[in-house]
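For reference, the structure discussed in these notes is given below.
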Amino acid sequence: MKITVIGAGAIGGNLAAKLSTAGHDVEVADARGPEAVRAEVLESGARAADLAEAVQGRDVIVLSIPFGVAGQLADLFASVPDETVVIDTSNYYPGMLSEPIEAVDNGQVESAYTAELLGRPVVKAWNAALAETQRTKGVPAGTPGRLAIPVAGDSEEARRVAMQLVDDTGFDPYDAGMLADSWRQQPNSPAYCTELTLEELPAALAAADRAKDAAIRDTLPERIAARGANPTLDDIVEMNRAAHR
């Protein structure tokens, strides 16, 4: 498939490399220009591209940009065909990674807000796994203990495409239903960054509680500080799991 990843940070860089390794035609675009794409992101064959050109003629566009800034791309996406699948990987951390957003704080689902800003539907995927989990723990399909990633979206076909790409990056895709339900995979739900298998993930999604999970999310700085100066991936995963025991 022809895939563009917008955003070359930890998540975007991981996805560009893994999808290119899986055989897809991958372009990486950054608002700061092609020169801002790190060399290691391109080692697997992905190509740095100008943002305006990178959204044309593509099957899939993955947004790995900070939450709440999708509106800056609305004019650019106005010319993108309806059949192009757009995947949102962002997460809302008010007061930490973004300013508080009233609509979301009042109950609008995060990716529904992104879709509104962008002016087109999106699929939610890859947000519920830490960047280091994505980088180091992807394994071939059928491997015992393979971790799962939830995928939510209103179009069955778009979900199918996103789920295939999740599989290509080394994780079992789980159909998490409609975008309105994607709050169940947002920070800091039981399914969020807790490294669950396909067998474990459905129960974790079902156990989500919007008010409780948002309160846990907002204690992240204190919980991270309690883990010491350099918490490991396992430390962070255990911290997320412990919050729901």
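Key figures
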quantity: Arg241 in contact (Cβ under 8 Å) with a residue 24 or more places away in the chain, among the charged types (D, E, K, R) and within 24 Å of Pro66 (Cβ to Cβ); calculated: no
quantity: Cβ pairs under 6 Å, 6+ apart, first in region 5-34 and farther than 18 Å from Cys193 by Cβ, second basic (Lys, Arg) and crowded, with 23+ Cβ neighbours inside 10 Å; calculated: none
quantity: Given (1) within 15 Å of Ala115 (Cα to Cα); (2) within 19 Å of the chain's Cα centre (by Cα), number of the condition Ala8 does not satisfy; calculated: (1)
quantity: Residue match in region 77-100 (condition: over 26 Å from Arg210 (Cβ atoms), of a type outside the set (S, T, N, Q), more than 17 Å from the chain's Cα centre (by Cα) and in a helix (DSSP H, G or I)); calculated: yes
quantity: Glu199, sole failed condition from (1) acidic (Asp, Glu); (2) at negative phi; (3) surrounded by 15 or more Cβ atoms within 10 Å (Cβ to Cβ); (4) part of a loop (DSSP other than H, G, I, E, B); calculated: (3)
quantity: Failed item in (1) in contact with a Ser or Thr (Cβ under 9 Å, 6 or more places away or on another chain); (2) modelled with pLDDT under 95; (3) aliphatic (A, V, I, L, M), with Ala176 passing the rest; calculated: (2)
quantity: Within region 189-231, considering residues that are of a type in the set (Val, Ile, Thr) and farther than 26 Å from Gln108 by Cβ, the one modelled with the highest pLDDT; calculated: Thr197
quantity: Given (1) within 19 Å of Trp183 (Cβ to Cβ); (2) assigned to a loop (DSSP other than H, G, I, E, B); (3) without any contact (Cβ under 8 Å) to a residue 60 or more places away in the chain, number of the condition Ile65 does not satisfy; calculated: (1)
quantity: Residue match in region 107-120 (condition: of a type in the set (Gly, Ala, Ser), under 22 Å from Gln164 (Cα atoms) and part of a loop (DSSP other than H, G, I, E, B)); calculated: no
quantity: Hits in region 199-230 (condition: among the hydrophobic types (A, V, I, L, M, F, W, C) and closer than 25 Å to Met178 by Cα); calculated: Leu201, Ala203, Ala204, Leu205, Ala206, Ala207, Ala208, Ala211, Ala214, Ala215, Ile216
quantity: When residues of region 219-245 are limited to those that are among the aliphatic types (A, V, I, L, M) and surrounded by 12 or more Cβ atoms within 10 Å (Cβ to Cβ), the one nearest to Ser189 (Cα to Cα); calculated: Ala243
quantity: Helices (runs of 4 or more DSSP H) wholly inside region 202-245 that include at least 3 residues being of a type in the set (Val, Ile, Thr), farther than 23 Å from Asp175 by Cβ and over 19 Å from the mean Cα position of the chain (by Cα); calculated: none
quantity: Region 18-53 - residue that is crowded, with 23+ Cβ neighbours inside 10 Å and small (Gly, Ala, Ser) and, of those, farthest from Thr89 (Cα to Cα); calculated: Ala46
quantity: Condition met for Pro144 (over 22 Å from Val104 (Cα atoms) and in a loop (DSSP other than H, G, I, E, B)); calculated: yes
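The values are calculated or read from the model by the stated rules, or taken from the named source; none is laboratory data. These numbers come from a predicted model, not from an experiment. Don't worry about glycine lacking a Cβ; one is built from the backbone with ideal geometry, like all the others, and counts go over all protein chains shown.
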